[in-house]
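For reference, the structure is listed below as structure tokens.
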Amino acid sequence: MPGERFERTGPPGRGLIGDVPMPVVALSALLALIFFSMAVAPRGVEAEISALLGLSPQRLFLGGRGPGGWAGAIAPLFTHFLIHATVAHLFFNLLWLTVFGAPIARRFGSSVRFMLFFVCCAAFGGFFFSLFHLADPTLLVGASGGITGLLGGLVRFAFHRPFTKRVSSKGVLPLTDKSVLTWSAVVIAMNASIAVFGPGVGAGEAEIAWQAHVGGYLFGLIAFPLFDPRGE
């Protein structure tokens with residue numbers, strides 16, 4: 001995958017916002033800018049933007065028969081991560097975007113590669129969510145699916161201990177590795193538990209799209225080697 005490449009220069013911790021790679025900073029800034037721009041926009045404009053960018057499972061599966069045709073059905077898979085419901089929703093997503101995104105961005109070394117991976121994770125998360133809500137007109141918004149996809153990619157290489165774990169020539173742990181299976185079981189169980197026990201303390205009346213988290217994670221976990229530049 002071609003793309004703009006970036007390299008860390010200077011002592012660690014001297015970069016923009018500490019040692020956070022530029023693609024993560026740029027994506028975080030974009031999400032924050034969109035949120036606060038919508039917050040100050042007239043209510044009608046905010047509603048129109050949400051309807052345009054948010055993912056409606058009902059509209060997705062109506063396909064060409066729905067409003068906006070096929071473009072209106074499919075495009076939100078790749079745009080719903082741009083908008084957030086509340087400040088808390090945005091804040092927590094930006095926090096975990098930094099935690100999981102920084103090591104992925106450093107490994108990829110390419111802004112385009114990083115964004116492509118993130119958007120694909122978010123899109124698959126949205127699709128996976130929609131499979132559980134076929135006729136639901138409610139809009140899915142937020143970057144959580146893409147962020148858990150970054151976690152899925154992180155699991156494939158962050159636990160590599162030389163001489164104690166077998167890895168591919170690219171340094172990627174196999175899907176059958178014990179740590180990969182353990183992390184995956186924990187992530188999926190934690191998210192699936194939301195369906196049984198609710199979102200938990202501090203979530204208020206918010207509905208957490210746990211299916212989007214699981215879908216994004218599974219895509220990131222499985223597809224990571226396709227985006228990883230090691231061994232090319």
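Worth a mention:
- Per this entry, Phe159 is not counted among residues that are at pLDDT 95 or above and either among the aromatic types (Phe, Trp, Tyr) or surrounded by 20 or more Cβ atoms within 10 Å (Cβ to Cβ) (or both).
- Within the range 34-44, none of the residues are among the charged types (D, E, K, R) and closer than 24 Å to Ile147 by Cα.
- Criterion (closer than 27 Å to Gly153 by Cβ and either touching a helix residue (DSSP H, G or I) at 6+ places or on another chain (Cβ under 8 Å) or part of a helix (DSSP H, G or I) (or both)) met by exactly one of Trp96, Trp70: Trp96
- Of the criteria (1) within 15 Å of Gly220 (Cβ to Cβ); (2) over 15 Å from the mean Cα position of the chain (by Cα); (3) surrounded by fewer than 22 Cβ atoms within 10 Å (Cβ to Cβ), which one Phe108 fails: (3)
The values are calculated or read from the model by the stated rules, or taken from the named source; none is laboratory data. Since the model is a prediction, treat every value here as computed from it, not as a measurement. Ideal geometry is used to build each Cβ from the backbone, glycine not excepted, and the neighbour counts take in all protein chains shown.
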